[in-house]
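Engineer: One structure, as structure tokens, below. Some questions next.
The values are calculated or read from the model by the stated rules, or taken from the named source; none is laboratory data. These figures come from a predicted structure and were not determined experimentally. Cβ sites come from the backbone with ideal geometry, for glycine too, and all protein chains shown count toward neighbours. Surface areas here come from the heavy atoms of the whole protein model, side chains and all, with no ligands, DNA or RNA. Shrake-Rupley method; radii C 1.70, N 1.55, O 1.52, S 1.80 Å.
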Amino acid sequence: MILKANEEYWDWPLQDATDGIVKVTNNTEKFDVALEAKSFQPNEIQVRVIGGLLEIHFEHIQQKNDPYVYRVITRSYRLPDDIDIRTLRSHLSSKGKLHISAKKMPYK
């Protein structure tokens, strides 16, 4: 499923207490979204841009204990046309939120 990032909300299966919906900030100053990611470590998260799409991939494998645990989530979202992709950054907070943000392109 691909949603336009300039829509007000994205679907996100791990989001707490919101039925899997997360609010996207997309105004004249910035693009910003915070996704629930508390079950994943930084090395289990990939964020990349493919053309005009933002692809987010989480993959967790737990082999130490019984039962064996394998979690994988991949979502793609269309990025707004007016963001500066060179400024796109992702950061996993200590509270388990994956923050993805970018600045807007200057108007000509």
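Engineer: Please list 62-68, 87-93, 74-80 highest first by mean number of surrounding beta-carbon atoms within 10 Å per residue.
Structural biologist: Per-residue Cβ counts within 10 Å, averaged per peptide and sorted highest first, yield 74-80, 87-93, 62-68.
Engineer: Does a label point 7 Å from the Cα of D84, set along Cα-to-beta-carbon, have any residues of the stretch 91-108 with amide nitrogen under 17 Å, and which are they?
Structural biologist: Backbone N within reach: 101-108.
Engineer: Using 1/(1 + (r/R0)^6) with R0 = 41 angstrom and r between the beta carbons of E55 and Y107, what's the FRET efficiency to the nearest 0.05?
Structural biologist: It comes to 0.90.
Engineer: Continuing with the same structure: For a quick size check, give me the Cα extents of the stretch 57-108 along its three principal axes, largest first, whole Å.
Structural biologist: 58, 23, 14
Engineer: Heavy atoms only, 1.4 Å probe, whole protein assembly: order E44, E36, E29 by accessible area, highest first.
Structural biologist: Largest accessible area first, the list is E29, E44, E36.
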